[in-house]
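Here's the structure, in structure tokens; my notes come after.
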Amino acid sequence: MIRKFILAGAILAVAASLTGAAFAGANDYAFEPVATQVKQGEVTVSVRLVHKPTGKPVPDAVIVQTRIDMAPDGMATMASPIAPAPSPSPGIYAFKTDLNMAGRWLLSLSAKVQGEPETVIGKVIFRASR
């Protein structure tokens, strides 16, 4: 009887180690700015979605929500329209927007990653200058 429990525990441990990716969570991903400094006005801002444990970019994620505003400078109501732009390379997600005021802008994103049940949420700060 004890052998059965030990064998079952060993099988469970092996199965868990082989399917480690299945236990990954949304916290295993991060959005990073491609460049933090941009010019004021109509610009394209780009972010990289990275799988933190491997450091590799994540291609083919589906961006489900975006917002850009001046929350870092205390003006969260100062939002700007934002639209998807063509991606320059896999794992890079680009957006066209009008940063009509110099200062810090917060890009908030939500994405669905293939095989990941949770939504990945990220926030990236860009600085617009004249």
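Points to keep in mind about this one:
- Annotation: amide H of ARG67 within the under-5 Å range of SER108, sequence separation 5 or more or interchain, hydrogens built in the peptide plane.
- Rolled with a 1.4 Å probe across the full set of protein chains, the surface gives GLU118 an accessible area near 90 Å².
- Probing with 1.4 Å while keeping every protein chain in the model, the per residue accessible area of region 47-93 equals 59 Å².
The values are calculated or read from the model by the stated rules, or taken from the named source; none is laboratory data. Only a predicted model underlies this, so the values are computations on that prediction, with no experimental measurement involved. SASA here: full protein model, heavy atoms, side chains in, ligands and nucleic acids out. Shrake-Rupley method; radii C 1.70, N 1.55, O 1.52, S 1.80 Å.
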